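Worksheet for the structure shown next.
Bear in mind these aren't lab numbers, they're just calculated from the coordinates by the rules spelled out. Quick caveat: nothing in here was measured; it's all calculated off a predicted structure. Note that we place each Cβ from the backbone using ideal geometry, even for glycine, and neighbour counts take in every protein chain shown.
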Amino acid sequence: MVSKTKNKKLPKVSRAVSKVVGSYQKDKDMLIQVLLDLQSMFGCLSQEVLTEVSEQLEVPITQVYRIASYYKAFSLMPKGRHIIKVCRGTACQVRGSPRLLGTISAMLNMKPCGTSEDMRFTLETVKCLGCCATGPVVEVDGTYYAKPAPSDLRKILESSK
Ligand code: FES
């Protein structure tokens, strides 16, 4: 008789985590790298992924969650296809980033931080993008725009399908 457990296919998440954890020889010290790889694979770190990592790497779930929620590089929620980051650092703040954030938020008809229902955009704020003298600055999918006029913003957003 064939065991049902042996024939049962592992779910997709379990297989993916197993592959990534295995590629680091189940080394607990590679937790951050494991999470980075899985975030890249799935777009975010769901509860299911974190639980699998905890079980397969034999690290307490509280430790996995603490790492996943601490670093900005990780997201516990799915993100949109296009990531918009509005700088809210001091230099950009005094140069008008609140207005810039409000304009983008209004154009997308969404709250200042979050993801649109159609998963097209994620709008975030960041503390500094490292080019303070050109502020206010917005980053869209890795490209920086300094002092973008509303008409520029509209073109940028419309070209992001
Ligand atoms: S404060 Fe905005 S880029 Fe530094």
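To the nearest 10 degrees, how steep is helix 47-57 against the longest Cα principal axis of the chain, on a 0 to 90 scale?
50 degrees
Test of understanding: what is the full-extension gain from Arg154 to Gln63, defined as 0.36 nm times their sequence separation minus their Cα-Cα distance? Each step should come with its number before you reach the end.
Details: separation 91, 0.36 × 91 = 32.76 nm, distance 4.20 nm.
28.6 nm is the gain from fully extending Arg154 to Gln63.
For the Cα atoms of the chain, what angle does the longest principal axis make with the long axis of helix 12-23, in degrees from 0 to 90, nearest 10?
Tilt relative to the chain: about 80 degrees.
Only bridges whose two residues both fall in the chain count here: according to DSSP, what percent of them are antiparallel, nearest 5? Display every interim value, and only then the final one.
Details: 9 of 15 bridges.
Of the beta bridges lying entirely in the chain, close to 60 percent run antiparallel.
For the residue pair Thr134 and Cys44, what label-to-label distance in nm results when each label sits 7 Å from Cα along the Cα-to-beta-carbon direction?
In this crude label model, Thr134 to Cys44 measures out at 3.0 nm.
Using Cα pairs under 8 angstrom and six or more residues apart, how large is the relative contact order of the chain, in percent? Numbers along the way, then the final one.
Numbers: 204 pairs, mean separation 28.9, N = 161.
18 percent.
Given the Cα-Cα distance of Ala106 and Ala91 and 0.36 nm per residue of separation, how much length would full extension add, in nm?
Working: separation 15, 0.36 × 15 = 5.40 nm, distance 2.28 nm.
Between Ala106 and Ala91, full extension yields an extra 3.1 nm.
Which number gives the lysine pairs in segment 11-161 that have C-alpha atoms under 24 Å apart and are eight or more places apart or on different chains?
Lysine pairs meeting both conditions in segment 11-161 amount to 25.
Exactly which GluC sites (Glu not before Pro) in segment 108-147 are in a DSSP loop and have at most 16 other Cβ atoms within 10 Å? Show your work: numbers first, answer last.
On the way: sites: Glu117, Glu124, Glu139; in loops: Glu117.
When the GluC sites (Glu not before Pro) of segment 108-147 are filtered for loop state and at most 16 Cβ neighbours within 10 Å, Glu117 remain.
Between Val126 and Tyr71, what length comes free when the chain is fully extended (0.36 nm per residue of separation minus the Cα-Cα distance, one decimal in nm)?
Numbers: separation 55, 0.36 × 55 = 19.80 nm, distance 1.29 nm.
Here the answer is 18.5 nm.
Taking R0 as 25 Å, what FRET efficiency do you get between Leu36 and Glu117 from their Cβ-Cβ distance, rounded to the nearest 0.05?
Result of the calculation: an efficiency of 0.35.
Averaging sequence separations of C-alpha pairs under 8 Å and six or more residues apart, then dividing by the length of segment 8-55, give the relative contact order as a whole percent.
44 percent
Expressed as a whole number of Å, what is the distance separating the alpha-carbon centroids of segment 10-31 and segment 67-127?
For segment 67-127 versus segment 10-31, the Cα centre distance is 31 Å.
When only Cα pairs under 8 Å and 6 or more residues apart are kept, what is the percent relative contact order across segment 92-161? Write out the running numbers ahead of the final one.
Details: 55 pairs, mean separation 18.8, N = 70.
Relative contact order, segment 92-161: 27 percent.
Enumerate the calculated ³J(HN,Hα) couplings along segment 124-135 in order (Karplus 6.51 cos²θ - 1.76 cosθ + 1.60, θ = phi - 60°), each rounded to whole Hz, writing x wherever the residue is Gly or Pro.
10, 10, 10, 7, 6, 9, x, 9, 4, 5, 9, x
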